[in-house]
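Trainee: Right, I'll just put the structure down here and ask away after.
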Amino acid sequence: MLRAQNLTFGYPHASEPAFADWTAEFTAGTTTALTGPSGRGKSTLLYLLGLMLRPTSGEIFVDGRPASRSDDSTRAHLRAKRFGFVFQDAALDPTRTVIDNVTETALYRGVSRSAAAHRGRALLDRFGVEVPSNRKPGQVSGGQAQRIALCRALLSAPAILLADEPTGNLDPVTTAVVVDALRDHAATGATVIVVTHSPDVAAACDRRIEL
Amino acid sequence: MTVAGFRLQVIALTREAWATSIAQPVASGVTVLVVIGMILTVMLTSGRTIGAEQKVLASIDTAGTRTLQVRAEADAGLTADVLTRIAHIHGIEWAAAFSAPVDATNTVIPDGARVPARLAYGSHLERLGVPRGSPLPGAVAYASPAALDLLGLPDVAGSITTTTGSSYDVVGQILPPEFLSGFEPAVFVPQPHATGSEAVAALVVITEDPALVGPVSDAVLSVLAVDDPTKVTIQTSEELAQLRLLVQSQLASFSRGLVLVTLATTGVLVAVILFGLVMMRRRDFGRRRALGATRGLIVALLLTQTAVLTLTGVGVGMVASTIALIASGDPLPGPSFGAAISMLTLATTIGAALLPAVFASTREPIRELRVA
């Protein structure tokens with residue numbers, strides 16, 4: 001489903017690469033935790049796997065096809081249609097309503113907003129986001145915001161779900177909701193990769209990679 | 001992408017642009033205000049000038065800037081078939097020939113006031129006010145209000161008799177155009193079935209453009225085919241046409257300069273506002289890129305947002321400036337000027353938005369989204 005082969009990446013002006021000659025395969029239907037101390041390049045690796053960065057050398061294969069060296073438009077389309085993302089602090093648009101945030105990717109995937117809104121409301125119900133959908137992110141709690149971000153990531157039922165510290169500042173109840181959602185999504189046949197510092201979250205994953 | 005898919009995407013993009021504009025009321029409001037200010041400035045300065053210019057030009061035009069009149073004495077030999085010959089000359093909008101005037105009186109008041117009656121030749125005499133399908137062609141007459149008054153026919157019912165013994169029923173009132181004011185009080189007897197050999201005393205030609213009066217005048221003179229050219233005189237409005245061109249070019253030059261300065265100022269202001277907006281919302285564009293928005297879509301989104309705000313500003317500005325011009329009693333510049341300014345404003349703001357939009361589209365997700 002997703003494979004990184006001999007991946008090397010270094011930031012411009014950095015004396016050493018963030019990681020070098022890194023190879024891993026992420027199979028469908030599993031959850032993988034990327035763990036390790038801060039500064040080891042976990043988030044950078046996640047953004048590389050999500051085709052937001054291009055590796056210095058090596059390749060990332062999506063569905064068996066090389067993807068990391070494709071042009072920007074192709075990688076953007078892959079991100080929209082094959083990937084789902086949960087960011088560290090939810091990264092919601094504070095100026096838009098909850099339902100607008102959940103359905104944001106419909107525009108990028110070229111699907112009808114009304115259909116997306118229908119599914120989005122169902123996801124909000126499923127994850128217990130009990131706020132009026134016309135409310136804005138600034139008016140909900142951090143836990144609710146992360147659940148909304150999870151709904152946005154799951155809207156397209158992505159084949160690959162990448163999560164960057166999705167439970168960073170959450171209470172235990174919300175953390176459990178998020179972890180269960182990631183595991184449930186993997187159970188549908190998706191590949192789920194989570195960057196986490198939490199031993200509990202890492203333990204809940206099928207596999208753990210220490211960087 | 002199919003046509004239906006493309007349409008769906010355009011609708012979705014426009015909806016998103018509108019929703020984004022609403023979600024950013026300060027930046028959107030300032031952009032709309034800039035556009036309204038620009039429209040008001042242009043409409044109340046250049047628009048007012050253009051309106052005045054059009055009024056001045058219309059005044060000049062009513063004086064007959066496109067008219068040339070050939071006058072021929074009775075024995076000059078000018079005949080009605082000159083109309084056939086000049087039909088091949090380019091730049092002529094309308095032409096008609098008229099016989100020498102013959103005095104006519106109300107048939108029932110033989111000693112009444114005399115008015116000049118003329119036989120009228122030409123295929124488009126409706127410009128004189130004569131109906132296209134005139135009843136009994138050649139046997140009926142049409143008179144101006146001044147002529148009807150003199151003839152004592154206020155109800156446009158009766159007949160006239162000329163000093164040559166011909167009688168015509170007066171069947172209609174006409175309002176002679178400005179360029180035939182010299183024929184007043186006017187009575188015309190349309191002659192749609194003329195043979196061409198009838199003698200005429202006047203040939204009136206209207207050119208398509210004031211600038212064509214000179215060349216058309218030369219061309220008409222060359223095909224008059226008169227027996228005695230010394231008995232023919234021609235009156236043209238070339239001096240008026242030159243005055244018209246002078247007025248038009250001077251006012252147009254002033255207006256153009258003002259519009260360009262205003263447009264440039266608007267473009268700079270919109271670019272600055274959008275750059276500020278993009279800088280404030282770098283994280284927003286980074287997130288959009290991470291979630292799968294292409295660079296092209298980000299650019300299209302910002303340009304559509306700019307277009308939506310501009311059209312809102314143009315609509316409000318146009319209504320406000322029209323009300324202001326009407327309230328101050330100034331002439332309106334006309335819909336074509338308004339449409340041109342609207343299009344120019346749209347092109348300017350979209351052009352100004354291009355650089356900020358490209359800048360927004362290059363935001364790197366990892367740089368904008370990572371939390372330290």
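Trainee: From the residues A:Ile148, A:Ala122, A:Gly36, which one has its Cα farthest along the dipole of chain A in the positive direction, the dipole being from +1 and -1 charges on Cβ of Lys/Arg and Asp/Glu about the Cα centre?
Mentor: A:Ala122
Trainee: Take the Cα pairs of region A:16-158, get the Kirkwood Rh, then feed it into Stokes-Einstein at 37 °C and 0.692 mPa s and tell me D in µm²/s.
Mentor: Answer, rounded: 197 µm²/s.
Trainee: For chain A, calculate the relative contact order in percent as a whole number, restricting contacts to Cα pairs under 8 Å that are 6 or more residues apart.
Mentor: 30 percent
Trainee: Related question: So, with a 1.4 angstrom probe, what is the percent of accessible area on chain B that is carbon and sulfur?
Mentor: 64 percent
Trainee: With the crude spin-label approximation of a point 7 Å out along Cα→Cβ, what separation in nm comes out for B:Val316 versus A:Ala157?
Mentor: 4.5 nm
Trainee: Now for a separate question. Nothing charged except the Cβ atoms of Lys and Arg (+1) and of Asp and Glu (-1): what's the magnitude of the dipole of the protein assembly as shown about its Cα centre? Round to the nearest 20 debye.
Mentor: So the magnitude is around 3520 debye.
Trainee: A follow-up question, please. When Cβ neighbours within 10 Å are restricted to other protein chains, what is their mean count per residue of peptide A:81-92?
Mentor: The per-residue average across the peptide is 3.
Trainee: When the scattering of region B:69-237 is computed by the Debye formula from its Cα atoms alone, each counted once and equally, what is log10 I(q)/I(0) at q = 0.14, 0.17 Å⁻¹?
Mentor: Relative scattering, expressed as log10 I(q)/I(0), comes to -0.71, -1.01.
Trainee: If amide H atoms are built 1.01 Å from N in the plane of the peptide, which residues on other chains or at least 5 residues away come under 5 Å of the amide H of A:Ile209?
Mentor: Those qualifying (amide H under 5 Å, at least 5 residues apart or on another chain) are A:Ala33, A:Leu34, A:Thr35.
Trainee: Using only helices, what value at 222 nm comes out for chain A when you add -39,500 (n - 2.57) per DSSP H run of length 4 or more and divide by the total residues, to the nearest 500 deg cm²/dmol?
Mentor: Calculated from helices alone, the mean residue ellipticity at 222 nm is -11000 deg cm²/dmol.
Trainee: What is the angle, in °, between the Cα long axis of helix B:335-361 and the longest principal axis of the Cα atoms in chain B? Nearest 10 is fine, range 0 to 90.
Mentor: With both axes taken from Cα atoms, the answer is about 20 degrees.
Trainee: May I ask you to derive the FRET efficiency for B:Thr45 and B:Gln173 from their Cβ-Cβ distance with R0 = 56 Å, giving the value to the nearest 0.05?
Mentor: Details: r = 44 Å, r/R0 = 0.78.
Efficiency, rounded to the nearest 0.05: 0.80.
Trainee: Checking an interface number: how much accessible area is buried between B and A, summed over both chains, with a 1.4 Å probe, in Å² rounded to 100? Please report the intermediate quantities before stating the final value.
Mentor: Values: alone 18690 and 9920 Å², together 26050 Å².
Its buried surface, counting both partners, is about 2600 Å².
Trainee: Please compute the modelled spin-label separation between B:Ala327 and A:Phe61, points set 7 Å along Cα→Cβ, answer in nm with one decimal.
Mentor: 7.3 nm
Trainee: Now a separate question. Using only Cα atoms, tell me the angle between helix B:48-62 and the longest principal axis of chain B; keep it within 0 to 90° and round to the nearest 10.
Mentor: Rounded to the nearest ten degrees, it is 10.
Trainee: Looking only at other chains, what is the average number of their beta-carbon atoms within 10 angstrom of each beta-carbon in B:9-21?
Mentor: 2
Trainee: Oh, and also: Assuming a ≥ b ≥ c are the square roots of the Cα gyration tensor eigenvalues, decide whether region B:172-244 counts as rounded (a/c under 1.5), prolate (otherwise, with a/b larger than b/c) or oblate.
Mentor: Judged from the Cα gyration tensor, region B:172-244 comes out oblate (a/c at least 1.5, b/c at or above a/b).
Trainee: So, with +1 on the Cβ of K and R and -1 on the Cβ of D and E, and no other charges, what is the size of the charge dipole of chain B about its Cα centre, to the nearest 20 debye? Mind showing how you got there, number by number?
Mentor: Working: 24 positive and 27 negative charges, 703 e Å.
In debye, rounded to 20, chain B gives about 3380.
Trainee: Once each part is reduced to its C-alpha centroid, what is the distance from region B:167-209 to region B:1-51 in angstrom?
Mentor: 54 Å
Trainee: Another question, if that's okay. Counting Lys and Arg as +1 and Asp and Glu as -1, each charge on the Cβ, what is the dipole of region B:69-237 about the Cα centre in debye, to the nearest 20? All intermediate terms of the calculation are to be shown ahead of the outcome.
Mentor: Values: 7 positive and 18 negative charges, 31 e Å.
Roughly 140 debye, rounded to the nearest 20.
Trainee: Once you keep just the Cα pairs under 8 angstrom separated by 6 or more residues, what percentage relative contact order results for region B:69-237? It would help to have the intermediate numbers written out before the result.
Mentor: Details: 349 pairs, mean separation 68.2, N = 169.
Reported relative contact order: 40 percent.
Trainee: With a ≥ b ≥ c taken as the square roots of the eigenvalues of the C-alpha gyration tensor of region A:1-72, please select rounded if a/c is under 1.5 and otherwise prolate if a/b is larger than b/c or oblate if it is not?
Mentor: oblate
Trainee: Hey, another quick one. Please compute the modelled spin-label separation between B:Leu246 and B:Val108, points set 7 Å along Cα→Cβ, answer in nm with one decimal.
Mentor: Result: 5.5 nm between the two label points.
Trainee: Across region B:217-224, in residue order, what do the Karplus-derived ³J(HN,Hα) couplings come to in whole Hz, using 6.51 cos²θ - 1.76 cosθ + 1.60 with θ = phi - 60° and x for Gly and Pro?
Mentor: 3J(HN,Hα) across region B:217-224, in whole Hz: 4, 4, 5, 5, 4, 6, 10, 5.
Trainee: Could I ask something else about it? Where in region A:32-62 does accessible area fall by at least 40 Å² between the isolated chain and the complete protein assembly, at a 1.4 Å probe radius?
Mentor: Residues passing the criterion (a loss of at least 40 Å², heavy atoms only) are A:Tyr47, A:Met52.
Trainee: Where a ≥ b ≥ c are the square roots of the eigenvalues of the C-alpha gyration tensor, would you call region A:149-211 rounded, which needs a/c under 1.5, or, failing that, prolate if a/b is larger than b/c, or oblate?
Mentor: Taking the square roots of the gyration eigenvalues as a ≥ b ≥ c, region A:149-211 is oblate.
Trainee: Just how far, in whole angstrom, is region A:1-17 from region A:133-174 if you go by their alpha carbon centroids?
Mentor: 28 Å
Trainee: Can you list residues whose amide H is under 5 Å from A:Gly84's amide H, if they're 5+ apart or on another chain and H is modeled 1.01 Å from N?
Mentor: For A:Gly84, whose amide H was placed from the backbone, the distant partners under 5 Å are A:Ile160, A:Leu161, A:Leu162.
Trainee: While we're looking at this one, here's another question. Report the semi-axes of the equivalent ellipsoid for the protein assembly as shown in whole Å, largest first, where each axis is √(5λ) for an eigenvalue λ of the Cα gyration tensor. Intermediate values should be presented prior to the final figure.
Mentor: On the way: eigenvalues 1420, 109, 93 Å².
For the protein assembly as shown, the ellipsoid semi-axes come out as 84, 23, 22 Å.
Trainee: Report relative contact order for chain B in percent, whole number only (criteria: Cα-Cα under 8 Å, sequence separation at least 6).
Mentor: Once normalised by length, the contact order is 29 percent.
Trainee: Continuing with the same structure: Over the whole of A:159-166, what's the average partner chain Cβ count within 10 Å per residue? Rounded to a whole number, please. Intermediate values should be presented prior to the final figure.
Mentor: Numbers: counts 0, 0, 0, 1, 0, 4, 1, 0.
The per-residue average across the peptide is 1.
Trainee: What is the set of long-range amide H partners of B:Val170 at a cut-off below 5 Å, with H atoms built 1.01 Å from backbone N?
Mentor: Here the answer is B:Ala141, B:Gly158, B:Ser159, B:Ile160, since their amide H atoms fall under 5 Å of that of B:Val170.
Trainee: What lysines sit close enough to B:Lys55 to cross-link, taking a C-alpha to C-alpha distance under 25 Å and skipping anything fewer than 8 places away on the same chain?
Mentor: Cα-Cα hits under 25 Å: none found.
Trainee: Follow-up. Tell me, in nm to one decimal, what length is gained between B:Ser336 and B:Val3 on full extension, where the rule is 0.36 nm per residue of separation less the Cα-Cα distance?
Mentor: 116.7 nm
Trainee: Rounded to the nearest Å, what's the spacing between the alpha carbon centres of region A:45-59 and region B:61-108? Just the number, please.
Mentor: With region A:45-59 and region B:61-108 each reduced to a Cα centre, they are spaced 86 Å.
Trainee: Follow-up. Leaving ligands, DNA and RNA out of it, report the carbon-plus-sulfur percent of the accessible area of chain A at a 1.4 Å probe. Could you put the intermediate results ahead of the total?
Mentor: Values: 4270 of 8650 Å².
Its accessible area is 49 percent carbon and sulfur atoms.
Trainee: So what is the accessible area of the protein assembly as shown per residue, in Å², with the probe set to 1.4 Å?
Mentor: Dividing the accessible area of the protein assembly as shown by its residue count gives 45 Å².
The values are calculated or read from the model by the stated rules, or taken from the named source; none is laboratory data. Nothing here was measured: the structure is a model prediction, and the numbers come from that model. Every residue, glycine among them, receives a Cβ derived from its backbone with ideal geometry; neighbour counts consider all protein chains shown. The protein model used for the area step is the full one, side chains on, heavy atoms only, and it has no ligands, DNA or RNA in it. Shrake-Rupley method; radii C 1.70, N 1.55, O 1.52, S 1.80 Å.
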